[in-house]
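Scroll down for the structure; my scribbles are underneath it.
The values are calculated or read from the model by the stated rules, or taken from the named source; none is laboratory data. In this text the structure is predicted, and so the values were computed from the model without any measurement. Every residue, glycine among them, receives a Cβ derived from its backbone with ideal geometry; neighbour counts consider all protein chains shown.
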Amino acid sequence: MKKQLLNLTFILIIGYMHGQCFSELRLGGHVVTVKTDGTLWGWGYGGWGQLANAAMNNPSSPVQIGTMNNWVSAYNGLITTFGVKQDGSLWGVGGNSYGCLGVGSSAQDYYTSFQQVTSYTDWVDVRGAYFFTVGLRANGTIWAWGQGDQGQMGNGTTPMAQPTPTQVGTDTDWASIAVDASRTAIAIKNNGTVWGWGANTGYMLYAGSSVTSYTLPTQLNTDTDWAKVCLGGHHVLAQKTDGTLWVWGGAYDAMGVGQNYVDVATPAQIGTDTWRSFTADPNASFGVKSDGTLWAWGFNTEGELGDGTTINQPLPVQIGTDADWVSVITKLYAPTIAVKEDGSVWAWGDNTYGTYGNGTYTNSLTPVEVIGICVDTPLTTPEFEQPTIRLYPNPTTDKVTIDSALNLTEYTITNLLGQTVAKGTLIEGQKEIDMQAYSLGTYIVHLTTTSGANYTYKIVKH
């Protein structure tokens, strides 16, 4: 008990030092996030009403988005904000070009108040591009809406505008989704295979000009050990279950494998290290290695890499010397934002719209701490999100499936106060933890292997 009180006191002190603490930050053309009290917040570009502000200005400090306090997760695109409520329903606000809000009509260009997206109550993830959106439901299906002229709907059609969510293909075994700033989507299945549809920009889907787009999900390679993926606009970064990072596409320096890389179809490994976090935009890529160091590569004409120079880097270069980084995110028309182990938030690059969140609109060539903002420290320790284990779906409405080659023996589930909710043993062949009876909220799943190694994951229960 004394140890728990000491840890709680330390967390409170850190939170006080850094100011307002939020859950995971999501970056589009603006930042959105949820507080532990269930309120939704954001800052940065608001020109399409995506901050639920009728003035549609660009606040450089956090502002509450709407007045509701029953949000569990937040997502965004470049001109949209989406939130999932405690009942699993999905709501959107902001730009609605081509129907990218999914509210059933594309007649209205934007909304400054939240609109419900379908009547489904099992949404677990949403990813927004510029003018189209994809969402993942707890039943393992993917849905798409908005601009579809390059096959972004993934259902064999090419509508200019699809204002109502439509199912992508017919499969029900999808685990994660990703989109870029243009017209491409990529997803990973429960079996670790990677699939793509939409525009073949940068040959991200197929190495050849004979294929301009895919209108249905198409398997991109034969590997079955993909764990995470993100798109940069012209290249794909993907991580395998062993923690290694791979790339394909046609973004040259942003690929991170040198200027002589030619075969855009075959995934190429970036170095030999394992990675804790990675992200990309059309011009650059960033990652945090397992040792907590921060790295960047790609075009740097505007100093966006954060190394204090404007020199392009075709291979990863370390940013600073600190070794306590946890995560990093970036997007087109946005800066790069990274979080440290103590929950502090750092930003660099384009701050035209105040997306740093520090009350200024001034750019920086190196990471600067965003005073007044932090990410909740219980969710930003280095042990989180180890790539050797996948838990899905997340959020979940009932059961969580564990996918790992490790020999896992025990699990313990706690709430955010560190109180044990459940514990048990994992026998060979057991792949699921039943969370159906749990109250809505965020939980921490602690997994132990036969060798005594511990892995910890955040799970949201809808």
Residue list for region 98-154, filter: among the aliphatic types (A, V, I, L, M), at pLDDT 95 or above and farther than 12 Å from Gln167 by Cα: Leu101, Val103, Val117, Val126
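Quickly run through region 194-216 and pick out the residues that are closer than 30 Å to Lys399 by Cα and either among the aliphatic types (A, V, I, L, M) or surrounded by fewer than 18 Cβ atoms within 10 Å (Cβ to Cβ) (or both).
Within region 194-216, Val194, Leu216 meet the criteria.
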Do we have any residue at all in region 337-344 that's on the phi > 0 side of the Ramachandran plot, touching a residue at least 12 places away in the same chain (Cβ under 8 Å) and in contact with a helix residue (DSSP H, G or I) (Cβ under 8 Å, 6 or more places away or on another chain)? yes
Any chance you could count how many residues in region 103-136 are surrounded by 19 or more Cβ atoms within 10 Å (Cβ to Cβ) and either β-branched (Val, Ile, Thr) or closer than 25 Å to Pro217 by Cβ (or both)? 18
Residue satisfying all of: in region 155-188; acidic (Asp, Glu) and surrounded by 15 or more Cβ atoms within 10 Å (Cβ to Cβ); farthest from Gln108 (Cα to Cα) among these: Asp171
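Limited to region 165-176, what total is found for residues that are assigned to a strand (DSSP E or B) and either closer than 19 Å to Thr330 by Cα or over 20 Å from the mean Cα position of the chain (by Cα) (or both)? Steps first, please.
To start, the set of residues in region 165-176 that are assigned to a strand (DSSP E or B) comprises 165-167, 174-176.
Cutting the leftovers down to either closer than 19 Å to Thr330 by Cα or over 20 Å from the mean Cα position of the chain (by Cα) (or both) gives us 165-167, 176.
Result for region 165-176: 4.
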Please determine whether any residue of region 258-277 is assigned to a loop (DSSP other than H, G, I, E, B), assigned by TED's automatic domain parsing to the domain that holds Thr301 and more than 19 Å from Gly208 (Cα to Cα). yes
Do we have any residue at all in region 60-70 that's within 22 Å of the chain's Cα centre (by Cα) and within 29 Å of Met204 (Cα to Cα)? no
If you scan region 20-44, which residues turn out to be in contact with a Gly (Cβ under 8 Å, 6 or more places away or on another chain) and crowded, with 17+ Cβ neighbours inside 10 Å? Cys21, Gly28, Gly29, His30, Val31, Val32, Thr33, Val34, Leu40, Trp43, Gly44
Verdict on Leu426 being closer than 22 Å to Lys189 by Cα and not assigned by TED's automatic domain parsing to the domain that holds Thr224: no
Which pairs turn up if I take residues in region 360-377 that are outside the structural domain of Val317 (by TED's automatic domain parsing) and closer than 15 Å to Gly308 by Cα and look for partners that are among the charged types (D, E, K, R) and modelled with pLDDT of 95 or more with beta carbon separation below 8 Å, at least 6 apart in sequence or on another chain? none
Name the residues in region 351-409 that are closer than 23 Å to Ser277 by Cβ, modelled with pLDDT of 80 or more and of a type in the set (Asp, Glu), would you? Glu369
Name the single residue that is nearest to Thr330 (Cα to Cα) among those in region 45-102 being surrounded by 22 or more Cβ atoms within 10 Å (Cβ to Cβ) and among the polar types (S, T, N, Q). Asn76
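Filter region 303-327 for residues that are over 11 Å from Thr293 (Cα atoms) and either within 22 Å of the chain's Cα centre (by Cα) or of a type in the set (Gly, Ala, Ser) (or both) and give the result.
Gly303, Glu304, Leu305, Gly306, Gly308, Pro316
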Confirm whether Val72 is of a type outside the set (Lys, Arg) and either in contact with a helix residue (DSSP H, G or I) (Cβ under 8 Å, 6 or more places away or on another chain) or within 30 Å of Glu369 (Cα to Cα) (or both). yes
Quickly run through region 248-257 and pick out the residues that are modelled with pLDDT of 90 or more and surrounded by fewer than 24 Cβ atoms within 10 Å (Cβ to Cβ). Val257
Has region 69-79 got any residue that is at positive phi and not in a loop (DSSP other than H, G, I, E, B)? no
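Table: residues versus (1) in the same structural domain as Gly243 (by TED's automatic domain parsing); (2) part of a loop (DSSP other than H, G, I, E, B); (3) closer than 24 Å to Ala238 by Cβ; (4) free of Cβ contacts under 8 Å to residues at least 12 places away in the same chain.
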| site | (1), (2), (3), (4) |
| --- | --- |
| Gln115 | yes, no, no, no |
| Gly151 | yes, yes, yes, no |
| Pro159 | yes, yes, no, yes |
| Pro163 | yes, no, no, no |
| Ala178 | yes, no, yes, no |
Could you tell me whether region 235-245 includes any residue that is outside any loop (DSSP other than H, G, I, E, B) and within 19 Å of Val126 (Cβ to Cβ)? no
Given (1) over 18 Å from the mean Cα position of the chain (by Cα); (2) in a strand (DSSP E or B); (3) at pLDDT 95 or above; (4) not β-branched (Val, Ile, Thr), where does Gly49 come up short, assuming only one miss? (2)
